[in-house]
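The values are calculated or read from the model by the stated rules, or taken from the named source; none is laboratory data. The shown structure was predicted, so the numbers you read here are calculated from the model rather than taken from an experiment. Positions of Cβ are backbone-derived with ideal geometry, glycine not excepted, and every protein chain shown enters the neighbour counts. In case anyone asks, the SASA skips ligands and DNA or RNA and just uses the protein heavy atoms, side chains included. Shrake-Rupley method; radii C 1.70, N 1.55, O 1.52, S 1.80 Å.
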Amino acid sequence: SYGRPATLTKDGKQRVREQARQWATELLEGFRDTDAIMDLEHSHKMHIAIRLVEAARKVGEKTLLFSRSICTLDYVQLALQKRGIRCFRIDGSVQIEDRVERIAEFEGTGGVDVFLISSHTGSLGIN
C-alpha cells in the first residue's frame, strides 16, 4: 500500500550508521598500504584533481582543495607527495595556532602550492 514512508527509530538509525561505517571500513581495508593507495590515482576524480593542481602550478597559481572525507585528503596528499608537490593540510587534528602559521606560509612565497582542507574544521582559525 502507498502511504507515508517508514521512519526509523533512534536505535534503527544508529544500526544503519554502524552498518554503513563497517561497510566502508571493510571496503577500504585493502587500500591502507601505500601501493594500493596509489591505485586510487587512476580514478577520474583523482586524475582531474591532480591535473588541475599541475595546471595551476604551471601558471604560478596555488590551489585550495576541500573535502569532507579525511581518507580522501590522505589519498590526495600521498599522490601529491609522490609527485614532489608540497602541500599543507588543515583538519580537525591541527591546532588553531598551527593553522594560522600554515595559512601565513601558504599565502607567502614558501613554495607550498596546495592547501588540503577538511570541510569539518568549522573554519576555526581560517577567517
**Fill in**
Between the modelled labels at L64 and K45 (7 Å from Cα along Cα→Cβ) the distance in nm is 2.0
**Message:** If the reach is capped at under 21 angstrom between alpha carbons, list the lysines near K62, excluding any in the same chain fewer than eight residues apart.
**Reply:** K45, K82
**Request:** Quick one: accessible surface of S93, probe radius 1.4 Å, all protein chains present, in square angstrom to the nearest 10.
**Result:** 90
**Prompt:** In the range 69-110, which residues have a backbone nitrogen under 19 Å from the label point lying 7 Å from E54's Cα in the Cα-to-Cβ direction?
**Reply:** 75-87
**Asked** From the square roots a ≥ b ≥ c of the eigenvalues of the alpha-carbon gyration tensor of the range 44-127, which class results: rounded (a/c under 1.5), prolate (a/b over b/c), or oblate?
**Response** oblate
